[in-house]
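The values are calculated or read from the model by the stated rules, or taken from the named source; none is laboratory data. Note that this is a predicted model, so its numbers are computed, not measured. Here the Cβ positions follow ideal geometry from the backbone for every residue, glycine too, while neighbour counts run over all protein chains shown. In case anyone asks, the SASA skips ligands and DNA or RNA and just uses the protein heavy atoms, side chains included. Shrake-Rupley method; radii C 1.70, N 1.55, O 1.52, S 1.80 Å.
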Amino acid sequence: PEDQADKLLLASWGLPKAVLEKYQSLGVVQMFEWQAECLMLGQVLEGKNLVYSAPTSAGKTLVAELLILKRVLETRKKALLILPFISVAKEKKRYLQ
């Protein structure tokens, strides 16, 4: 985002309106400071690697989703999201559709 003050707002990251509306319907309109920092590290938005760690339920998935969504939308290529359990994979499939 151009304005550092808005970096926590999902709307500042160039996501399509439909994606923003879906997140908003789930109560997600902004990120934590550490999530925005992950997205701004180096060239991660251009497809470079990112390794990050946070406690359970801290919001790691949102970082991964935003990186995947931006990359897929910008490059028009597919992405592979690997999840640990079938139930989680099914839940994420419904969520991302």
Can you name the condition, by its number, that L66 falls short on among (1) surrounded by 15 or more Cβ atoms within 10 Å (Cβ to Cβ); (2) more than 22 Å from L80 (Cβ to Cβ); (3) not β-branched (V, I, T)?
(2)
Within segment 35-54, residues in a helix (DSSP H, G or I) and either surrounded by fewer than 13 Cβ atoms within 10 Å (Cβ to Cβ) or touching a Gly at 6+ places or on another chain (Cβ under 7 Å) (or both) come out as Q35, M40, E46
Subset of segment 36-69, residues among the charged types (D, E, K, R) and within 20 Å of P16 (Cα to Cα), comes to E46, E65
Name the single residue, out of those in segment 22-34 being surrounded by 11 or more Cβ atoms within 10 Å (Cβ to Cβ) and in a helix (DSSP H, G or I), that is nearest to the chain's Cα centre (by Cα).
Y23
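Residues V88, V72: which one is of a type in the set (A, V, I, L, M), more than 12 Å from the chain's Cα centre (by Cα) and not in a loop (DSSP other than H, G, I, E, B)? Break it down into steps so the answer makes sense when it comes.
Numbers: V72 fails: more than 12 Å from the chain's Cα centre (by Cα).
Selected residue: V88, the only one of V88, V72 that is of a type in the set (A, V, I, L, M), more than 12 Å from the chain's Cα centre (by Cα) and not in a loop (DSSP other than H, G, I, E, B).
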Applying the selection to segment 17-52, what residues are more than 21 Å from K78 (Cα to Cα) and of a type in the set (A, V, I, L, M, F, W, C)?
L26, V28, V29, M31, F32, W34, A36, C38, M40, L41
If you go through segment 75-85, how many residues are assigned to a loop (DSSP other than H, G, I, E, B) and open to solvent by less than 80 Å² (accessible area, probe 1.4 Å)?
3
Of the residues that make up segment 6-16, is at least one among the acidic types (D, E), farther than 18 Å from T75 by Cβ and either modelled with pLDDT of 90 or more or in a loop (DSSP other than H, G, I, E, B) (or both)?
no
